[in-house]
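Read-outs: derived from the displayed coordinates by stated rules, not from any lab. Being a predicted model, the structure only gives us computed values, none of them experimental. Here the Cβ positions follow ideal geometry from the backbone for every residue, glycine too, while neighbour counts run over all protein chains shown.
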Amino acid sequence: MTQFVEALKNRRSIYALGNEVSLTEEEITSLIKEVVKESPTSFNSQTQRVVVLFDGAHKKLWDITEEALKPLTPEKAFPNTQAKLQSFAAGKGTILFFEDMDIVKNLQEQFALYADNFPVWSEQASGLTQANVWTALAEHNIGANLQHYNPVIDEEVAKEWNIPANWKLRGQLVFGSIGSQAPEKEYMNDEDRFFVYK
Ligand SMILES: Cc1cc2nc3c(=O)[nH]c(=O)nc-3n(C[C@H](O)[C@H](O)[C@H](O)COP(=O)(O)O)c2cc1C
């Protein structure tokens with residue numbers, strides 16, 4: 001197996017997170033920057049925008065999420081929601097992935113023939129960037145899980161961290177030390193998934 005495939009296998013959804021990680025905040029930040037910059041975008045449009053929240057800011061995000069979800073969650077279900085959010089807050093940080101929609105809009109105007117594709121490509125670029133960062137963190141034994149509390153938290157997040165109006169929140173990657181490993185993964189049959197011809 002190549003080191004690359006090994007790294008892909010090593011990336012899992014880790015939900016039991018702690019806040020003692022092997023890298024410094026500077027090292028994590030610089031790793032994220034490098035990985036994001038090396039992740040491809042359509043027309044090299046570089047639509048990804050990233051906000052890294054550590055410690056207090058990270059906890060603030062999960063407080064904001066709890067406040068936003070409270071009026072939307074049935075009272076009986078809320079303790080479960082709270083427990084889940086607390087498990088995220090127990091991590092070291094959260095990476096917020098945005099897409100710059102001004103760039104997407106400009107591209108749509110500039111290349112009318114592909115207008116419908118640019119929002120799709122923006123989503124694809126965001127997804128592959130998230131996966132790359134997730135895999136890169138796993139290489140350093142930092143666990144992570146991917147959350148999507150957008151759009152419920154968008155307004156408060158924008159207010160708290162001065163997010164430009166044209167940045168659209170697409171995902172929240174929570175990370176930290178690995179409390180317990182992911183269970184063994186199940187895979188569908190290759191025959192139902194891959195065709196090879198020559
Ligand atoms: C596009 C996408 C969206 C996802 N959204 C969520 C999510 O909102 N909450 C969550 O806990 N996991 C989410 N996941 C994680 C998947 O459930 C997980 O990757 C999948 O079950 C495979 O497990 P693994 O990550 O351990 O390989 C998402 C994954 C992807 C790729």
inquiry  = Can you classify region 1-107 as rounded, prolate or oblate using the Cα gyration tensor, where a ≥ b ≥ c are the square roots of its eigenvalues, rounded means a/c under 1.5, and otherwise it's prolate if a/b beats b/c and oblate if not?
reply    = oblate
Length gained when the stretch Leu128-Glu34 is fully extended (0.36 nm per residue, less Cα-Cα span) = 32.4 nm
message = Over region 88-198, what is the relative contact order in percent, taking alpha-carbon pairs closer than 8 angstrom and at least six residues apart?
response = 41
ask   = With contacts defined as alpha carbon pairs under 8 Å and 6 or more residues apart, what's the relative contact order of region 84-147 in percent?
value = 23
Distance between region 12-49 and region 146-171 - C-alpha centres, whole angstrom = 17
task = Calculate the dipole size of the chain relative to its Cα centre from +1 charges on Lys and Arg beta carbons and -1 charges on Asp and Glu beta carbons; express the result in debye to the nearest 20.
result = 180
Choice from Tyr15, Tyr187, Tyr149 with maximal GNM fluctuation in the chain (Cα, 10 Å cutoff) = Tyr187
inquiry  = Per-residue counts of other Cβ atoms within 10 Å, averaged by peptide: what ranking do you get for 176-183, 165-172, highest first?
reply    = 165-172, 176-183
Dmax and Rg, reported as Rg then Dmax, of the chain (C-alpha, Å) = 18.2, 58
request  = Mind checking region 1-48 for GluC sites (Glu not before Pro) that DSSP puts in a loop (not H, G, I, E or B) and that have at most 16 other Cβ atoms within 10 Å?
outcome  = Glu20
Distance (nanometres) between label positions extended 7 Å along Cα→Cβ at Tyr15 and Phe78 = 2.2
message = Relative contact order for region 12-181: what percent, with Cα pairs under 8 Å and sequence separation of 6 or more?
response = 41
query = Tell me, what is the FRET efficiency for Ser180 and Phe43 to the nearest 0.05, using R0 = 45 angstrom and their Cβ-Cβ distance as r?
reply = 0.60
